[in-house]
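Enquirer: The structure's right below; bear with me while I get my questions together.
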Amino acid sequence: MAAIQFRQVRKTYGHGSKAVDVIHGIDAEIADGEFIVMVGPSGCGKSTLLRMVAGLEEISDGQIIIGERVVNELEPAQRDIAMVFQNYALYPHMTVRENMAYGLKIQRLPKAEIDQRVQRAAAILELDALLDRTPRQLSGGQRQRVAMGRAIVRKPAVFLFDEPLSNLDARLRVQMRLEIQKLHASLRTTSLYVTHDQVEAMTLGQRMIVMNRGVAEQIGTPAEVYARPATTFVASFIGSPPMNLLQGRLTSDGSGFETDGGEAQVRLPQALPAAARQPRIMGVRPEHLRLVSEGGLARLEVELVEALGAELLVHARCGKQAVVLRCAANVAVASGQHIGVDFDAADVHWFDVESLRRM
């Protein structure tokens, strides 16, 4: 196993006036045996950064260190990594056993050792009964387990996962998340996992790197990132539904928040200093808003109610700005209704309107 370090890592495509920067100086450290998830929307640079670790993309500037070695100039085969791809990349004419063993045969390992490694990986992934099948005889989840088995048999220092569950249906994704967690608990191999799915990021990662436009917006545990988002992007990306963000300014006495245009006002559970009246963004998560029968700190107009079985998502408006509430399924609320909401001072997040960073 080995730690991974990013030191001011940059990636630029093209030259001169046509140069396009896609990774903007990433600094991060992944401890030996840690499971890190890189999460962000399409085009944010997370897969590019992963491919730079794998040696499939050149590094324009900075250093990537695996263990004690700077790997910038090393070929993929020299980096002691194993990669699990989104599309499985299995050989269709080979059996499961042959697919898992192929990389070891290329390394010219003894047949007895190859058989031992394949059998051990098959046992870990519960593939014992499938070793003589070909990929077309397997389900999507089984194929993904074979792809992981092919990585396990190599005993690498680092596992790299490039959106490995995105081709699976919702039920299989839940099952495979559990399989990956069990795998890491068993092997304790340093792992770097890329996904655009924030549920995967929250459930799998010991820490997460939230990427946006080639920048690491925040690095921390899932709990830290959820409880104290560093920017409005993190606040709106992590959480389902995302955090409600209202733009405006404090009232003159600091006891309320007036949305832009002055079309709505929210009373605050705890007054803030009048000196803090500069424009700002107020954030409150949907589950922290409470419906009240009378009064409330804010009045909202309900636009739509989504019934999700055990809960309701209430889509409303505060003036001209959208707000979502998460409520119990037995709450009586309907479209067109005006409702009151309360929330606690500890659940309010403030962001700077210019930098969009946490205040």
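The values are calculated or read from the model by the stated rules, or taken from the named source; none is laboratory data. The structure presented is a predicted model; accordingly, all values stated were derived computationally and were not measured. With ideal geometry, Cβ positions are generated from the backbone for all residues, glycine too; neighbour counts draw on all protein chains shown. Calculation scope for accessible area: heavy atoms of the full protein, side chains included, ligands and nucleic acids excluded. Shrake-Rupley method; radii C 1.70, N 1.55, O 1.52, S 1.80 Å.
Enquirer: Antiparallel DSSP bridges in the chain: what percent, to the nearest 5?
Expert: Looking only at bridges with both residues in the chain, the antiparallel portion is about 75 percent.
Enquirer: Just by accessible area at a 1.4 angstrom probe, what is the order of HIS93, HIS288 from largest to smallest?
Expert: The ranking, largest first, comes out as HIS93, HIS288.
Enquirer: Can you check what the net charge comes to around LEU127, using other residues whose Cβ is under 10 Å from the Cβ of LEU127 (Lys, Arg +1; Asp, Glu -1)?
Expert: +1
Enquirer: Of LYS46/LYS182; LYS155/LYS182; LYS46/LYS155, which ones are farther than 21 Å apart at the Cα?
Expert: The pairs that break the limit, which is 21 Å between Cα atoms, are LYS46/LYS182; LYS46/LYS155.
Enquirer: Report, largest value first, the span of the C-alpha coordinates of the chain along each principal axis, in whole Å.
Expert: For the chain, the Cα spread along each principal axis is 77, 51, 34 Å.
Enquirer: Quick one: how many Å² of VAL305 are accessible to a 1.4 Å probe, rounded to 10?
Expert: For VAL305, the solvent-accessible surface is approximately 40 Å².
Enquirer: Next question. Just the number, please: carbon plus sulfur as a percent of the accessible area of the chain, 1.4 Å probe, no ligands or DNA/RNA counted.
Expert: On the way: 8280 of 17070 Å².
Answer for the chain: carbon and sulfur cover 49 percent of the accessible area.
Enquirer: Same structure, new question: From the square roots a ≥ b ≥ c of the eigenvalues of the alpha-carbon gyration tensor of segment 204-359, which class results: rounded (a/c under 1.5), prolate (a/b over b/c), or oblate?
Expert: Judged from the Cα gyration tensor, segment 204-359 comes out oblate (a/c at least 1.5, b/c at or above a/b).
Enquirer: Follow-up question, since we're still on this one. Please report the antiparallel percentage of DSSP beta bridges with both residues in segment 62-220, rounded to the nearest 5.
Expert: Antiparallel bridges make up about 45 percent of those DSSP assigns within segment 62-220.
Enquirer: Could you calculate the FRET efficiency of ALA31 with ALA329 from 1/(1 + (r/R0)^6), where r is the beta carbon distance between them and R0 is 51 Å, rounded to 0.05?
Expert: 0.75
Enquirer: Looking at segment 99-253, what % of the alpha carbon pairs are farther apart than 22 Å?
Expert: Values: 6208 of 11935 pairs.
It works out to 52 percent of all Cα pairs.
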